[in-house]
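A quick write-up on the structure given underneath.
Derivation of every value follows stated rules applied to the coordinates shown; laboratory data play no part. No experiment lies behind these values; they were computed from the predicted model shown. Virtual Cβ from ideal backbone geometry, glycine too; neighbours counted across all protein chains shown.
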Amino acid sequence: MNWIQVQTAAEGPHTLVGIDVFLPGTPEPGKRYPLVILLHGRNADHTEWMRKVRLERYAEEAGVALALVQGNQNFFVNSVWGYNWGDFVAKEVPAKLAGWFPISSEPEDITVMGVDMGGYGAMMAAQHFPEAIGKAVAVDPILDVAKLYDSGMEPRPEYIFGPREELEAKGFRFSKEGRVPVVLLVGPDGEREARDFAAQRPYVRLVRLKDRDQEERMEEAFQMLMGGAF
Amino acid sequence: MTLMQFHIYSDVLQMNMDTWALLPDRPQNCTKPLKVLWLLHGGSGDQTGWVRSTRVEEYAAKYPDFAVILPNAYHSCFINVAKGQRFNDYIGSELVQIMRGLLPQLSTKREDNWISGFSNGGYGALMVGLNYPETFGVIGAYGAGDKADADFGYRNLDKLRMFGEGDMKETEYCTRKLIRELPASGRPIPVVDHGCGEFDNWVGMNLQVKEEFEAVPGDPYQYKFTLVPGEKHSSKAMDILIEQFLRRMFGE
């Protein structure tokens, strides 16, 4: 595939952001490729997906464009301090990419997929921007950010989400109803929490992965997405 | 502007190649196909040279609907190397097609496609632009002499590899031959902007090229030449000449 490292001014978060874009070998004239936006975990950056998963071998065959988006440690949401990473992922990235590249801007052609913090971000994009994206795919996502308040996490979750008591009101927890389908993929360790979570949310489809290694689960999930499993 | 680092595969060169590009930050607001400056690096340089040693990004950002593409061609002078790979065809034909495929906003009109460079890249801009005049409507060649006029006595092996044996005059590598012969070919003729520093080490070679352009009857190249006062073969000369080139191209 063609690999394009993009450094661009992100308006939502008011900063410069890196995006790694992959486009199929020789784009057919006039064709607009469907897009998968890939979001990284809290301890990683936008190179995570390409370093852990053999993205190109699956995406080239599937004829899909990829965008690996940098989000630092901001959970890909519009933070209480006004850094709008959520707007950036769901609206700005698709608009920019469809402007520069032969990439579709139709919401049904746009999938947001993430791991860990990025899984939370992908599901948040589905919750807050149902008109902008077609589906979300989350591998081992953080399902409840309320738990982070006791975790010693730096920077403090307050700086992103505000006070713990207001998480629900500010939309940082997952609602019971959803318009955008969400695929939730977890390994053996996350199974119990994910089962309870999905049971209360009809828009969530739970997929259990057997491998105990997260990189293997990321690879399997991506392979399934490219193969049209969901 | 938005900086893009492309890693693409070249069939002509049979290897992966790097190319940089500067694109508008808000492509969704662009209303017209983008004009394109294809900007070639110097002798031992690469695709990063112009951005690192000049303010080309700042100058380019002033104009809407405009992109700059910065290819890499290693130490090739952007020619089809005598005992090597076809870099002239890569830049003039294949890369243009690849980039237009990946960036559909790029204009395909020849008058919107300008090729420029400094030093080896200046020679390269002439050699690519004059060989592919259907693609490039404008050449901005700076610090640019004709390699056929150069003294290669001190690096004979380099000369042999790049340009082959014997005298280069009147060969495919001779810029002055291309300048002389294009107008009679019936092919389109690019507009040429040329210049160098007053104290450029190779100012004499630049002036030989100038004489060749000026000797073409009827001035079909709409030729302009600038001697930058007080400057050598320097990044400051590059900076001054590229800013002036953009001003001229955008009618300022």
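Of the beta bridges in region B:2-249, as assigned by DSSP with both residues counted there, near 35 percent are antiparallel. When Rg and the Kirkwood Rh are both derived from Cα coordinates, the Rg/Rh ratio for region A:54-106 amounts to 1.06. In chain A, the DSSP-assigned H stretches of four residues or longer account for a calculated mean residue ellipticity at 222 nm of -7000 deg cm²/dmol, using -39500 (n - 2.57) per stretch and the full residue count as denominator. Reported value for region A:43-155: 111 Å³ per residue, from the convex hull of its C-alpha atoms. A quarter of the convex hull surface defined by the alpha-carbon atoms of the protein assembly as shown gives 25.5 nm² as the mean projection. For the pair A:D213 and B:K109, a Förster radius of 45 Å applied to the C-beta separation gives a FRET efficiency near 0.30, rounded to the nearest 0.05. Note on region B:1-113: the C-alpha convex hull projects to 7.0 nm² when averaged across all orientations.
Here B:S44 and B:Q14 are evaluated by their C-beta separation; at R0 = 22 Å the FRET efficiency comes out at 0.45.
With viscosity set to 0.890 mPa s and temperature to 25 °C, compute the Stokes-Einstein D of region A:2-226, Rh being the Kirkwood radius across alpha carbon pairs; µm²/s, no decimals.
Estimated diffusion coefficient is 141 µm²/s.
Applying both filters, DSSP loop and at most 15 other Cβ atoms within 10 Å, to the trypsin sites (Lys or Arg not before Pro) of region A:169-229 gives A:K170, A:R173, A:K176, A:R179, A:K210, A:R212. When the listed pairs B:K147/B:K236; A:K91/B:K62; B:K83/B:K147; B:K159/B:K236 are checked against a 21 Å cut-off, the alpha-carbon distance exceeds it for B:K147/B:K236; A:K91/B:K62; B:K159/B:K236.
Rg and Dmax, both from the Cα atoms of region B:2-249 and both in Å, are 16.9, 54. Compared with the alpha-carbon gap, the fully stretched path from A:E165 to A:A146 is longer by 6.0 nm at 0.36 nm per residue. Given their separation in residues at 0.36 nm each and the Cα-Cα distance between them, B:D25 and B:D167 gain 46.3 nm when the chain is fully extended.
In this entry, region A:107-230 is assigned a mean projected area of 7.8 nm², taken as a quarter of its C-alpha convex hull surface. Label positions at B:Q97 and A:E108, each projected 7 Å from the Cα along the C-beta direction, are separated by 3.4 nm.
Stretching the chain fully between A:L206 and A:E61 yields a gain of 49.6 nm (0.36 nm per residue, less the alpha carbon separation). Students often get this wrong: which residues of region A:64-88 have the backbone nitrogen under 16 Å from the point 7 angstrom along Cα-to-C-beta of A:S175? Under 16 Å, as judged by backbone N against the label point of A:S175, lie A:78 of region A:64-88.
Within the listed set B:Q208, B:Q85, B:Q28, the Gaussian network model of chain B (springs between alpha-carbon atoms below 10 Å) gives the highest mean-square fluctuation for B:Q28.
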